[in-house]
1. In the stretch 628-657, which residues are in a strand (DSSP E or B), of a type in the set (Phe, Trp, Tyr) and free of Cβ contacts under 8 Å to residues at least 40 places away in the same chain?
2. For the structure I just gave you, tell me whether Ser70 is open to solvent by less than 10 Å² (accessible area, probe 1.4 Å) and touching a strand residue (DSSP E or B) at 6+ places or on another chain (Cβ under 6 Å).
3. Of all residues being surrounded by 15 or more Cβ atoms within 10 Å (Cβ to Cβ) and not aliphatic (A, V, I, L, M) in the stretch 415-429, which is modelled with the lowest pLDDT? Just the residue, please.
4. Every residue in the stretch 604-615 that is open to solvent by 60 Å² or more (accessible area, probe 1.4 Å) and out of contact with any Leu (no Cβ under 7 Å at 6 or more places or on another chain), please.
5. Restricted to the stretch 568-593, and to residues that are of a type in the set (A, V, I, L, M, F, W, C) and in a loop (DSSP other than H, G, I, E, B), which residue is least open to solvent (accessible area, probe 1.4 Å)?
6. Looking only at the stretch 430-448, which residues are of a type in the set (Val, Ile, Thr), within 25 Å of Ile319 (Cα to Cα) and open to solvent by less than 20 Å² (accessible area, probe 1.4 Å)?
7. What tally of residues in the stretch 594-618 results from selecting those that are closer than 30 Å to Leu655 by Cα, out of contact with any Pro (no Cβ under 9 Å at 6 or more places or on another chain) and part of a loop (DSSP other than H, G, I, E, B)?
8. Could you please tell me which pairs satisfy a Cβ distance under 6 Å, a separation of 6+ or placement on different chains, a first residue in the stretch 331-343 that is over 20 Å from Thr411 (Cα atoms), and a second residue that is assigned to a strand (DSSP E or B) and of a type outside the set (Gly, Ala, Ser)?
Amino acid sequence: MFLRTLFISVVLLFCSVSYSQSLRHTLGSDVIVIDSNNINDSASLNRVSTSEIKTLTGSQLLSSGAALISPSLDIRSYGSLGGIALATFRGLPAEFVSVEYNGIKLVNTQHSLSDLALIDINLLNTISLNSAPANSGAADNGFGIVRLEGLAFNDRVEYITIGSCITSYNDRFRVAEHNSYLKLVQKISEVFSVSGGISFSGADGKYPFTQVIDKNTSVSILRENNNAQLANVSIDLNYTPASEIALRTFMFYTKADRGIPGANTVSYRGTSSPDATQFDEQYLIGISLDHRPLEYFSYVFKTSFQSLFETYTNPQTKIFDRYTNHNYTLDWESKTHFWEYFDFYGTASFHRYTLISNENIIGNPDSLILRNVYRSNLGLGYQLNNFSVLGYLKTELYTGNDDPQLLPQITLQQLFFPTPEFHIALTTSYTKIYHAPTFNELYWKVGGNQNLLPEEGDAFEISAEAVPEYYSHFNPMLSIKATGFYNALRNQIIWTPGANAIFSPINLLAVRTFGLEMSTELILNKNENIEWRLRGGLTLERTENTNQQSLDYGHELPYSTPRRWNVGLSSRILDIGNLTASLLYRAHRYTNLSNIEQLPEVVLVNVDYTSAPISFFQQCKATISLSINNLFDKQYEEIKSFPLPGRMFRLGVELVRFNEPNNILN
């Protein structure tokens, strides 16, 4: 394995480059935009290109780079490559975050979670976060939507890319992780294009970690992820016979063969076996039709099928769990513009979720659980001069729940000083929250709870964004955004240990999360050859139990954190490359409701260098990247008993061949 990986890396080293740097210089990357072109999308988006994530972090996986999208997006990782990674937003449970690929939710039906550690960012174009709840569309109710846009052709670029990255942990000079990928974007005819890619990643996962036993005792242990092997495949076919119609068919596939999330730790862990393995295989097939038959009317139709097969095997303890999830979706969204100032929105959807498993409490050996979800949504938007208002009323009905849910949402926005030199956008919104218990929470035969109530609540948000434009020798560009939020939840579901240390879900009667998030970016261009960029984000939040009858009243919820911030400084010189340094801080996390045990705060420093594109032949360019993550070798955990690697060295190489050099290379 080592010799094969080394051979691939050496070969690619002589013929590689960074599509990320080349394409970033050509296409740019929107960081904070108001996306008003998408139907049912009036909320502010944070959008980052995957090339920029690679430049800033050196990472190849979504789990390591997603935190750059927003300071309020918290990634909780259960180990390095081979572990799992879940996203939470503004202190709410991970089930509230919706991860979408080309507009279709990527989800494990069993527990309504999306594992970011399975997704290779090399096969994505951009990643964005919609900070508003998902009530405005036909999708599942989420609170924060992470949108993944797959590779796709645009009017300017066709290319084929091959790349590789190797990682060494701090304890020895060996290849601990490796990643290789190939991707293609090609226009076949005037109306048809194809894009896609394939990637492979692997790790033996061994790295030393200092385990604290008590205040006076700590030992060095060895972390093990059981030779994790990951694969991603994507295919995207686009047919655009006219400017007002587009048909898109796509497939996204992930496969992971790994130890259990976190796997085995030698000494002072002992709860896992080196023989334990977990296998995940997931594929999504989707079709979308975007049509504007009339100047004032447009609609989008989407349908998809998604399947996930998962097994967990531990011969030592005679555990042989298996789960098969199937999701079927039909979605319709439309927009009608009338009377000059008004827009009418309508959506309708049918989603069917099934789970077959030998771990369901309602049957043995394998039983089927079925849930149908029906949704309709009506919205009305009004815009006059610099003021706009958008209101929705969603109706939602679940199988097994006789009462349809009415979920209103309203957003108001006022634009001040709308001049080329300066403008301020002020936005406020209210949303009613509803989230049904998952299959795992209800029917897991070891710790499921069929008496759980749905999570309900109210969410408020107010934000201000300022974008001043200056005219000076340095041509600076500055954006500043601040958002205050308050969420009140009833019956929030949380897992707590019970008899024999078996975790089981319960309802917390009252929970609230509130806080302030801020982000800013400053770009200075002395000339077209030199650019400095400073980016910063800060989140102050509190997530607490507000049930006055509880012994844990006023306590922080497990794994929430009161403060997070990040700062990144990068310098790009055209003929030399891009040098980036980033600083990430996370305050303490309590690991239980009683707030007795906690994970300490942590500060991480990452450094990354990406070379300027190196031209060879007429249409080819290459780049080399080198990054050091966790520069000062901090020993830390995001989840108790799941330590993360210390210092890591990464070397990446990439080759890109453009098919239209006049549009890209000149």
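The values are calculated or read from the model by the stated rules, or taken from the named source; none is laboratory data. Remember, predicted model here, so these are calculated numbers, not experimental data. Here the Cβ positions follow ideal geometry from the backbone for every residue, glycine too, while neighbour counts run over all protein chains shown. Keep in mind that these areas ignore ligands, DNA and RNA; they rest on the heavy atoms of the full protein, side chains included. Shrake-Rupley method; radii C 1.70, N 1.55, O 1.52, S 1.80 Å.
1. From the stretch 628-657, those in a strand (DSSP E or B) are 628-629, 637-639, 642-643, 648-657; that's our starting set.
From what's left, of a type in the set (Phe, Trp, Tyr): 642, 649.
Within the stretch 628-657, no residue meets the criteria.
2. Values: open to solvent by less than 10 Å² (accessible area, probe 1.4 Å): yes; touching a strand residue (DSSP E or B) at 6+ places or on another chain (Cβ under 6 Å): yes.
The answer is yes for Ser70.
3. Among them, the one singled out is His423.
4. Within the stretch 604-615, the subset open to solvent by 60 Å² or more (accessible area, probe 1.4 Å) is 609, 614-615.
Of everything in the stretch 604-615, those that are open to solvent by 60 Å² or more (accessible area, probe 1.4 Å) and out of contact with any Leu (no Cβ under 7 Å at 6 or more places or on another chain) turn out to be Ile614, Ser615.
5. Restricting to residues being of a type in the set (A, V, I, L, M, F, W, C) and in a loop (DSSP other than H, G, I, E, B), the top hit is Ala587.
6. Just the residues of the stretch 430-448 that are of a type in the set (Val, Ile, Thr), to begin with: 431, 433, 438, 446.
Cutting the leftovers down to within 25 Å of Ile319 (Cα to Cα) gives us 438, 446.
Scanning the stretch 430-448 gives a single hit, Thr438.
7. First, pick out the residues of the stretch 594-618 that are closer than 30 Å to Leu655 by Cα: 605-618.
Retained after the next criterion (residues that are out of contact with any Pro (no Cβ under 9 Å at 6 or more places or on another chain)): 605-617.
Those left that are additionally part of a loop (DSSP other than H, G, I, E, B): 612-613, 617.
Matching residues across the stretch 594-618 total 3.
8. These pairs meet every condition: Asp331/Lys302; Trp332/Phe301.
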